[in-house]
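Remarks on the structure that follows.
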Amino acid sequence: MRQPFVDIDRYMIRFILILLIYIAGCKPRIQDLDICIREKEAQLTDFHLRTDSLGVVGAFSFTAFEKDQIEFLAAWNEALNAIDIYNLDEGSIIDRIIIDEEGPKGIPNVDALFYQEDIIYLIDAASKRILKVGFDHRIELLNLRNIDFNDSRNPDMVFFSVSPEFGSVPLIHDHLVYFPVGTQTNFESVDYYKENVVGVYDLQESQGILSFGNWDKGYVQKNGYFGSLGEVSLSRFEDGIAISFPISPVVSLYDWHGDKVKDIWMASQTFPKQLEGLPRYNDDLQRERNFLVTSPWFLKTFYHAKKKSLIRFEKKEQRLKKPDQTLNSTLFGEWYLHVSNDDSFFVCIDQYDINGYDHFLPISFPFKDGILIKKLNDENESILEFSYLEIQ
């Protein structure tokens, strides 16, 4: 007599299973990775940095740091071949260190700056030279030798792949420098993306010691050519180094020994799990530019030590042309800003909408409880204009 109820129970179970599968399919990326996205309102306030008529913040070569509980910015002044040092708390330039272009304490080109323990490091990737510059203006030259990271690569084929706009810059921890590295192979080829992306160099021993970190799998797919988006972004976090790529929604966390800790999702819900690129050996430069204009992708990832947060910008998908039929820009448009906090084990993302038309997003860095973003234009040549976004 109970058989009909058994059948009803069976049908109900099937219905519930189908419903659960449907609900899970609505947000596969978010639920698969067990994260949440919290939408926040971006409240921007003006911030002015006083300089002199010769002061500039170079397009990409700068580093922000804290010293004696004061926040500073060191920026490369290409016109003067000098380091300009700003006290951010006071909002003004405080020092300028002139660097020789040649000679035993000179450097012909500066690709990146980084800071540790009262020393500003300047690197010229092509010549494999580092200058250690103290606040007392003392300078020491380091020539990088023995670029062998104990992997399968011929050391003569390894180069430092520095591209600061994407965060492809060295990091320093104690006496070890973590370089983004590439291999002198055609970067349109799959082979370019089969080697490790980080090389560790020991300054005390003057030699490379190991390499680690894989390219995102999107670069080795059939249509895996992404033009200028073929870079790696390196950032520190509380316990190691974060590796990310302009085409990938995932940020990979490693400890300082090169062992992977975890992968975290740092993207909008709509970002493709795997972005498809262009066919390899693509000779159509216009098609490549159009792809950069219309597709979503990421700028650098960087770390806010005070907030214990990783931060990255995601460009929103857009049409190729504006309503007036002029072309949209690869950089200037609508963006997301993602903030993922270590205290939440990086499982929750705070997401802000950012107007990228009025700002130059590559020049952005931590400051107090938020970040500073360079405005596109300065109305006064002695004032560098930024927007300050407080992280809620």
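The residues of the stretch 231-244 that are open to solvent by less than 10 Å² (accessible area, probe 1.4 Å) and within 14 Å of residue 215 (Cβ to Cβ), listed by number, are 232, 233, 234, 243, 244. State whether the residues of the stretch 8-23 include one that is under 30 Å from residue 273 (Cα atoms), surrounded by 12 or more Cβ atoms within 10 Å (Cβ to Cβ), modelled with pLDDT under 85 and not basic (Lys, Arg). Checked against the condition, which is being under 30 Å from residue 273 (Cα atoms), surrounded by 12 or more Cβ atoms within 10 Å (Cβ to Cβ), modelled with pLDDT under 85 and not basic (Lys, Arg), the stretch 8-23 yields no hits at all.
Considering the stretch 345-374, the residues that are in contact (Cβ under 8 Å) with a residue 40 or more places away in the chain and in a loop (DSSP other than H, G, I, E, B) include one that is farthest from residue 46 (Cα to Cα), namely 347. For the stretch 153-176, residues that are among the β-branched types (Val, Ile, Thr) and open to solvent by less than 20 Å² (accessible area, probe 1.4 Å) total 2. Checking the structure you have, find out if any residue of the stretch 200-215 is in contact (Cβ under 8 Å) with a residue 40 or more places away in the chain, surrounded by fewer than 16 Cβ atoms within 10 Å (Cβ to Cβ) and touching a helix residue (DSSP H, G or I) at 6+ places or on another chain (Cβ under 9 Å). There is no residue in the stretch 200-215 that is in contact (Cβ under 8 Å) with a residue 40 or more places away in the chain, surrounded by fewer than 16 Cβ atoms within 10 Å (Cβ to Cβ) and touching a helix residue (DSSP H, G or I) at 6+ places or on another chain (Cβ under 9 Å). All conditions but one from (1) open to solvent by less than 50 Å² (accessible area, probe 1.4 Å); (2) more than 23 Å from residue 257 (Cβ to Cβ); (3) modelled with pLDDT under 90; (4) not in a helix (DSSP H, G or I) apply to residue 187; the one that does not is (1). Test residue 181 against the stated conditions and say whether it is open to solvent by 30 Å² or more (accessible area, probe 1.4 Å) and touching a strand residue (DSSP E or B) at 6+ places or on another chain (Cβ under 9 Å). No. Selection of the stretch 147-187 for residues being small (Gly, Ala, Ser) and within 16 Å of the chain's Cα centre (by Cα) yields 161, 163, 167, 168.
Being in a strand (DSSP E or B), within 22 Å of residue 173 (Cα to Cα) and open to solvent by less than 20 Å² (accessible area, probe 1.4 Å) holds for only one residue in 75, 64, and it is 75. Of the conditions (1) open to solvent by less than 10 Å² (accessible area, probe 1.4 Å); (2) closer than 30 Å to residue 65 by Cα, residue 359 fails just one. Which one is it? Going through the list (1) open to solvent by less than 10 Å² (accessible area, probe 1.4 Å); (2) closer than 30 Å to residue 65 by Cα, residue 359 breaks only (1).
Here residue 377 passes the criteria (1) surrounded by 21 or more Cβ atoms within 10 Å (Cβ to Cβ); (2) outside any strand (DSSP E or B) except the one numbered (1). The residue that is least open to solvent (accessible area, probe 1.4 Å), counting only those in the stretch 295-344 that are outside any strand (DSSP E or B), of a type in the set (Lys, Arg) and free of Cβ contacts under 8 Å to residues at least 60 places away in the same chain, is 316.
The values are calculated or read from the model by the stated rules, or taken from the named source; none is laboratory data. The structure displayed is predicted, hence computed values, not measured ones. Cβ: placed from backbone, ideal geometry, glycine included. Neighbour counts: every protein chain shown. Just the protein is used for accessible areas: all its heavy atoms, side chains included, with ligands, DNA and RNA removed. Shrake-Rupley method; radii C 1.70, N 1.55, O 1.52, S 1.80 Å.
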